[in-house]
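Worksheet: one structure, shown below.
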Amino acid sequence: MPQAKSAARRGWRWARAALAVVVSACALAGVVRLTVPAVAGTAGEPPGVRRQLAFLRAALDAGAGDEAQALFPEGYFFSYALYGLTWVELGLREPAGERSLALREARWALDRLDSPSGRAPFSPGLTPPYGVFYRGWSNWLRGGTLSLQPAGLRDPAEVRRFAEDSAAIGAAFDAGASPFLAAYPGQAWPVDSTVAIASLRLHDALLPPRFGGTVERWLREIRGRLDPRTGLLPHRADPRDGEPAEVARGSSQSMIQRFLVDVDPAFAAEQYARFRDLYVATPLGLGPAVREYPQGTDGPADVDSGPLPLGVSLSATVVTLGAAQAHGDAPLASALASYGELAGLPVDTPWTKRYAFGLLPVGDAFLAWAKTARPWVSRPPAPPPATVSWWWRTPLLVLLTAVAAAPWLPALRRRLRSRRP
């Protein structure tokens, strides 16, 4: 019996030691993830993104797009669109002769958008057909595939389709009573029109310009329809006249700031500064995050925002990483990326990388796209004054160090007591 008790005590000590090693190793891994750069600015390639794309391609082949569609109305569309756009971003960082893989994957994604499944949630009776969300994002990706091809060697059919779709978008804006076109019958979100207008700017950068007047008129009209509480584009607008119907929100603002810089860099810089002041927060003092509603305001969560712990939207936080990159806000982009490496629970292998254990591939698609974001048409504006210093990590590093040390404190206390006379 004494021998059994002794063996049980030894087994318990070994189990405690093993648990202590695991806890300390996880905490120290968190320290590393928090301090190693996770983005490379607008020139370099962010580490791990190609492995994210490898995971995403396998997930999409296994039906991840259909699974995302069950979560929100654009789940299928975003899963493929962001996969293709991330490949465009990587391809644009490579020499012109080494872009074949990026071009092939971007075209593959575009084919999925240009299919019955890609168009299924959208109405063909809208102007432009299938609505401004579908047309704008598809046109942006289509322009991206052309950007990967040398000007004299572009596929004529792709050039013709891009020109025709751009003309349909431009005509819809020219004829509309509102600068914010409908994405669904009777519903308009300014973010969708911003993407579509950016695609017209991209057209004029790649092909003979023809939409300058449309874009300038759109800019004049939206300046008179800003959300009066924040001075930003509203989250939702009346499709009849474009008047604000809902306060500006982080989930749409984060994306607006990503695209507006390619429409009008000066206006975008003003809007980005307001957005950052009103929506970027440090809940509990533990790193930067993005609120769904402006500081001092709370509201309900929905499918756009996801859950709102402490008022923070995870989706807005992820997409703001791309907005910060597009605006040259390296301190905020770096902080958001590093925080994501800690809180996103990434799983690395030599071949793939996934976040949140790969349970939500569309979330990986948003993050990969955000990490690689940069302006396609305009030069990045002058970097805004930094509002995030390296010291934002300090509370988290102290917390992680305490977690790493905590399992060993009882043993250390016992050893010190045993040494007393």
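The values are calculated or read from the model by the stated rules, or taken from the named source; none is laboratory data. For clarity, every value in this text was computed on a predicted model and none was experimentally measured. Every residue, glycine among them, receives a Cβ derived from its backbone with ideal geometry; neighbour counts consider all protein chains shown.
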(request) Name the residue, out of Leu342, Leu321, that is aliphatic (A, V, I, L, M), farther than 16 Å from Phe259 by Cα and either crowded, with 20+ Cβ neighbours inside 10 Å or at pLDDT below 95 (or both). (result) Leu342
(message) Is it the case, given these coordinates, that Asp262 is assigned to a loop (DSSP other than H, G, I, E, B), crowded, with 17+ Cβ neighbours inside 10 Å and at pLDDT 95 or above?
(response) yes
(message) Can you confirm whether Pro95 is under 21 Å from Gly144 (Cα atoms) and at pLDDT below 95?
(response) yes
(request) All but one of (1) buried (at least 21 other Cβ atoms within 10 Å of the Cβ); (2) over 25 Å from Gly91 (Cα atoms); (3) of a type outside the set (Asp, Glu) hold for Pro384, so report the exception by its number. (result) (1)
(request) Scan (1) within 22 Å of Pro384 (Cβ to Cβ); (2) outside any loop (DSSP other than H, G, I, E, B); (3) in contact (Cβ under 8 Å) with a residue 24 or more places away in the chain for the single condition Glu270 breaks and write down its number. (result) (3)
(request) Taking the options Pro190, Pro185, name whichever one is in contact (Cβ under 8 Å) with a residue 12 or more places away in the chain and either outside the structural domain of Gly306 (by TED's automatic domain parsing) or under 21 Å from the mean Cα position of the chain (by Cα) (or both). (result) Pro190
(message) Suppose we keep only residues that are under 13 Å from Ser313 (Cβ atoms) and free of Cβ contacts under 8 Å to residues at least 60 places away in the same chain within segment 276-296. Which one would you say is surrounded by the most Cβ atoms within 10 Å (Cβ to Cβ)?
(response) Glu292
(message) Only one of Gly125, Gly143, Gly136 is surrounded by fewer than 23 Cβ atoms within 10 Å (Cβ to Cβ) and not basic (Lys, Arg). Can you tell me which?
(response) Gly125
(message) Going through Pro234, Pro265, Pro239 one at a time, which residue ends up being over 23 Å from Ala182 (Cβ atoms) and not aliphatic (A, V, I, L, M)?
(response) Pro265
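Is it fair to say Asp192 is more than 20 Å from Pro73 (Cβ to Cβ) and among the acidic types (Asp, Glu)?
Working: more than 20 Å from Pro73 (Cβ to Cβ): no; among the acidic types (Asp, Glu): yes.
Spelling it out, it is not the case that Asp192 is more than 20 Å from Pro73 (Cβ to Cβ) and among the acidic types (Asp, Glu).
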